1. Okay, helix-only estimate at 222 nm for the chain: each DSSP H run of n ≥ 4 adds -39500 (n - 2.57), divide by all residues, round to 500 deg cm²/dmol; what do you get?
2. When DSSP assigns beta bridges and you keep just the ones with both residues in the chain, what percent turn out antiparallel, to the nearest 5?
3. Please report, in debye to the nearest 20, how large the charge dipole of the chain is about its Cα centre when each Lys and Arg carries +1 at its beta carbon and each Asp and Glu carries -1 there.
4. Report the longest stretch of the chain that contains none of the trypsin sites (Lys or Arg not before Pro) sitting in a DSSP loop with at most 15 other Cβ atoms within 10 Å.
5. For the chain, what relative contact order do you get, as a whole percent, if you take Cα pairs closer than 8 Å and at least 6 residues apart?
6. Name the residues whose placed amide hydrogens come within less than 5 Å of the amide hydrogen of I135, ignoring near sequence neighbours (fewer than 5 apart) on the same chain.
7. Taking H placed 1.01 Å from N in the peptide plane, check which residues at least 5 places from I78 or on another chain put their amide H under 5 Å from its amide H.
8. Counting other beta carbons within 10 Å of each residue's own, what order do W30, W248 fall into, fewest first?
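Just so it is clear, none of the values below were taken in a lab; they were calculated from the coordinates. As the structure is a computational prediction, the values presented were derived from the model and not from experiment. Every residue, glycine as well, gets a Cβ built from its backbone with ideal geometry; the counts of neighbours run over all protein chains shown.
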Amino acid sequence: MTQDSSAPATGPSEKIDTTVPHSARIWNYWLGGRDNYPVDHAAGDAFREIFPGITDLARDSRAFLGRAVRHLAGEVGIRQFLDIGTGLPTADNTHEIAQRVAPDARVVYVDDDPLVLTHAHALLTSAPGGVTDYIDADLHDPDTVLREAARTLDLTRPVALTLMQVSGHIADYDEARAIVAALMGALPSGSYFAFNDSVDTNKANAEATRIYNESGAAPYHLRSPQQLAGFFDGLELLDPGVVPITDWRPDPGAAAATGDVIALGGVARKP
């Protein structure tokens with residue numbers, strides 16, 4: 001029996017607007033998922049027509065997350081993860097990666113998208129001995145995120161905070177920096193911050209994003225390399241620093257990146 005790859009597994013709820021494209025669903029579409037709608041296909045295809053590299057970016061961002069989480073759970077020994085801007089479930093979600101390395105890892109996902117909530121049951125499967133939880137909360141409200149995360153995570157022990165391709169949803173750069181500072185400020189010494197986002201220097205991506213922002217979807221704001229590096233201020237960057245995401249501790253045998261830089265990322269420790 002095959003499933004229709006053009007429609008979500010469940011019908012839309014009253015809160016899910018299928019008339020306006022949504023970034024989480026478009027991202028899912030680019031990754032080959034089926035939790036999206038025709039309006040998302042149209043927006044995703046229009047974006048990809050201008051910037052064909054967006055599909056590679058989606059996959060590269062996912063791969064960067066995997067390498068960062070494996071390093072933190074394995075070599076560093078982190079057992080708690082706070083993944084904000086979860087998006088829709090796909091292969092190798094954060095809890096699957098972390099619990100493959102450390103079955104006792106505890107992972108809390110944070111998102112405020114109703115379709116993600118509909119599919120939260122797919123995220124809430126956990127390895128024996130580990131814990132996976134989901135918080136319906138907004139990145140703009142770090143106090144609520146931290147309060148709810150504390151129901152599952154021990155915030156007196158190190159936590160890895162991950163933000164992957166989500167900071168651009170916060171229009172004001174200073175506000176975005178303040179939110180990250182508030183989140184990291186509530187975590188103890190020895191916690192980590194894993195982050196990546198797109199730069200504004202790739203002309204095709206910038207143009208595609210400009211047109212996407214006029215579609216009626218929640219706008220996304222690209223930032224300069226210097227601004228993205230600024231999210232790590234006050235933290236101790238792990239080698240190789242803030243780099244193109246394909247260059248951050250690539251897997252053995254991985255092909256070197258070519259062409260213009262699209263996204264930068266890094267992992268840093270709170271002293």
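1. Values: 10 runs with 94 residues, N = 271.
Taking each H run of at least 4 residues, the total per residue is -10000 deg cm²/dmol.
2. Values: 11 of 32 bridges.
So the antiparallel bridges amount to about 35 percent of the total.
3. Values: 21 positive and 37 negative charges, 146 e Å.
That gives the chain a dipole magnitude of about 700 debye.
4. 152-271
5. Working: 480 pairs, mean separation 48.0, N = 271.
Value for the chain: 18 percent.
6. Amide H neighbours of I135: Y109, V110, D111.
7. Residues meeting the amide H criterion: A73.
8. Numbers: W30 20, W248 24.
Sorted ascending by nearby Cβ count, the order is W30, W248.
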